Structures are given as structure tokens and as C-alpha cells.
1. Restrict the check to segment 89-103 and report whether at least one residue is among the polar types (S, T, N, Q) and at pLDDT 90 or above.
2. Condition check: assigned to a helix (DSSP H, G or I) and either open to solvent by less than 20 Å² (accessible area, probe 1.4 Å) or of a type in the set (S, T, N, Q) (or both). Does residue 50 satisfy that?
3. Can you tell me which residues in segment 53-62 are among the hydroxyl-bearing types (Ser, Thr, Tyr) and either open to solvent by 30 Å² or more (accessible area, probe 1.4 Å) or closer than 16 Å to residue 8 by Cβ (or both)?
4. Only one residue in 49, 83 is touching a residue at least 24 places away in the same chain (Cβ under 8 Å), at negative phi and out of contact with any Leu (no Cβ under 8 Å at 6 or more places or on another chain). Which one?
5. Could you grab me the full set of residues in segment 86-144 that are hydroxyl-bearing (Ser, Thr, Tyr), without any contact (Cβ under 8 Å) to a residue 24 or more places away in the chain and closer than 19 Å to residue 11 by Cα?
6. (1) charged (D, E, K, R); (2) open to solvent by less than 50 Å² (accessible area, probe 1.4 Å); (3) under 22 Å from residue 144 (Cβ atoms): which one isn't true of residue 17, the others all being true?
7. Could you list, in sequence order, all residues of segment 9-46 that are assigned to a helix (DSSP H, G or I), of a type in the set (Gly, Ala, Ser) and within 27 Å of residue 75 (Cβ to Cβ)?
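The values are calculated or read from the model by the stated rules, or taken from the named source; none is laboratory data. Computed from a predicted model, the values in this text were never measured in an experiment. Please note: Cβ atoms are built from the backbone with ideal geometry, for glycine as well, and neighbour counts cover all protein chains shown. Just the protein is used for accessible areas: all its heavy atoms, side chains included, with ligands, DNA and RNA removed. Shrake-Rupley method; radii C 1.70, N 1.55, O 1.52, S 1.80 Å.
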Amino acid sequence: FQVNNRILVGFSGLATDLQTLEHRLRMRCNMYKLREEREISVDAFGNLVASMQYEKRFGNYFVEPVIAGMREDGTPYLMSSDVIGAQCFKDDFVVAGDTAETLFGMCESVYRPNLGPEDLFEVLSQCLLSGVDRDCLAGWGATVWIMTKEGVRETHLKGRMD
């Protein structure tokens, strides 16, 4: 889901935990906005997600979040965490979910640094559809979000449906 103009979050995991965590994150972001009178930064949001997961470490949310965003200075932010909130920061790509192994191999072979928005869209689309096609538990498609300084573009991809 889109938190604000600079933050996107993707979840993999148990659907009910996804909905609960999304609801609680929206509430906390709204409280932050009311208290601080500004939008939450992507760094603060990443720490918020990790701390919320760590709070529930003994009865955890079965959710692996991937957070992508743009800092105030325009540099990219990419973070993933496991179910207890251990953060992993990367400069190139992160993967999570059922097809993580397949996605990781495909991303390593196709991704190149400094791609433009259209090339990045093509690489992401190929990686996601390749991963979804190889795993029957992964779903019937994907959604690709491309964030630039001008805004966010959302595109839905259809995968095989057998």
C-alpha cells in the first residue's frame, strides 16, 4: 500500500496479519502526522514497522514487509525485515515471500544499477512474472509500483491462471 508520496510498503505472509498490520500502521502514521504536523519520513517509517514487529516477537505477525521510498534528498530507500523486525537494508533489490529463492536468482541475473523508470519497470515485470509462473502458491499476477520524483505509477500484471 502507499503510505504517502514517498513511501510504499509491500507485504507477504498471512492475509489476516497483513490486514491487521496495515490498519495499525495507518493509525500510527496518522497519529504521527497529527502530533508532528508533517508526514512521516521513510527512515522513521522503516523503524516504526520494525519496532511494531518486534513488539509482537513472542506472538508475531506472520508478515515480511518490504519498504521502498525516497528520502527528502531524493536518494532511494529499500528495506525488508523478517517476522520479528530484523531489518535488512539494500541498495539494489530485496525479495520476500513464497518465491523468494526464484525471485532472487532472476533479479541477480537481470538487474543492473542506474536503470531508468521504463527499464526498471521491464526488469521488475519480468522478474515478478517469472517467479509467479514457477510457484503455484504465488498467485495469478503482480502489481508493479514505480516511484520517481514526479510521482508514483501503479501497473497491474496478469500471470497465468491455471
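1. No, segment 89-103 contains no residue that is among the polar types (S, T, N, Q) and at pLDDT 90 or above.
2. yes
3. 54
4. Every option except 83 fails the conditions.
5. 143
6. Of (1) charged (D, E, K, R); (2) open to solvent by less than 50 Å² (accessible area, probe 1.4 Å); (3) under 22 Å from residue 144 (Cβ atoms), only one is false for residue 17: (3).
7. 44, 46, listed by residue number.
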